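Every number in this text was worked out from the coordinates using simple rules, so none of it is lab data. Computed from a predicted model, the values in this text were never measured in an experiment. Note that we place each Cβ from the backbone using ideal geometry, even for glycine, and neighbour counts take in every protein chain shown.
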Amino acid sequence: MFSSLLLSLGLFGSQPVALPVHEAFRSSTMQGRGYTLVRFDMPEHDYYLYQDRFTVTNISGQPYRVQFMSQAEMHKDEFIGETFIFRDQAFLKVFTHEPFSVSFQGCKEATLCYPPTKIDVNGAG
């Protein structure tokens, strides 16, 4: 297990090195009427985000209503079985302009899975 982690980090051999999490899953936001659109871009097709690992909460930890605007695809994960993932891009419509947090988790195919990560979105007012 430890040696596979070292290999995935490129510490032995010539295995590809995965990007830091915020480069692998770049986020941006755009305000709409009554919602904030959160976009995640992945640099290569072998990076993906788990659909069921997204959570969106306000600063008090209460969940916000979210609508996925991207089509998820079925993926057979060696650890959790069949699940839905987003490749290339993921769009979330969050029904607020108040500050909120988005938690997510993703992987680089056959290399590593990132720990759950959180970004903060300031909102528009």
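Given their separation in residues at 0.36 nm each and the Cα-Cα distance between them, residue 17 and residue 88 gain 23.7 nm when the chain is fully extended. Length gained on full extension, residue 118 to residue 46, computed as 0.36 nm times the residue gap minus the Cα-Cα distance: 23.8 nm.
In terms of the mean number of neighbouring beta-carbon atoms within 10 Å, the peptides 65-71, 94-100 order highest first as 94-100, 65-71. When +1 charges are put on Lys and Arg Cβ atoms and -1 charges on Asp and Glu Cβ atoms, the dipole computed for the chain relative to its Cα centre reaches about 420 debye. For residue 89, the residues 5 or more places off, or on other chains, whose built amide H falls under 5 Å of its own are 42.
Computed extension length for residue 55-residue 27: 8.6 nm, one decimal, from 0.36 nm per residue of separation with the Cα-Cα distance subtracted.
Per residue of the chain, the DSSP helices (runs of n ≥ 4 H) give a summed -39500 (n - 2.57) that works out to -2000 deg cm²/dmol at 222 nm.
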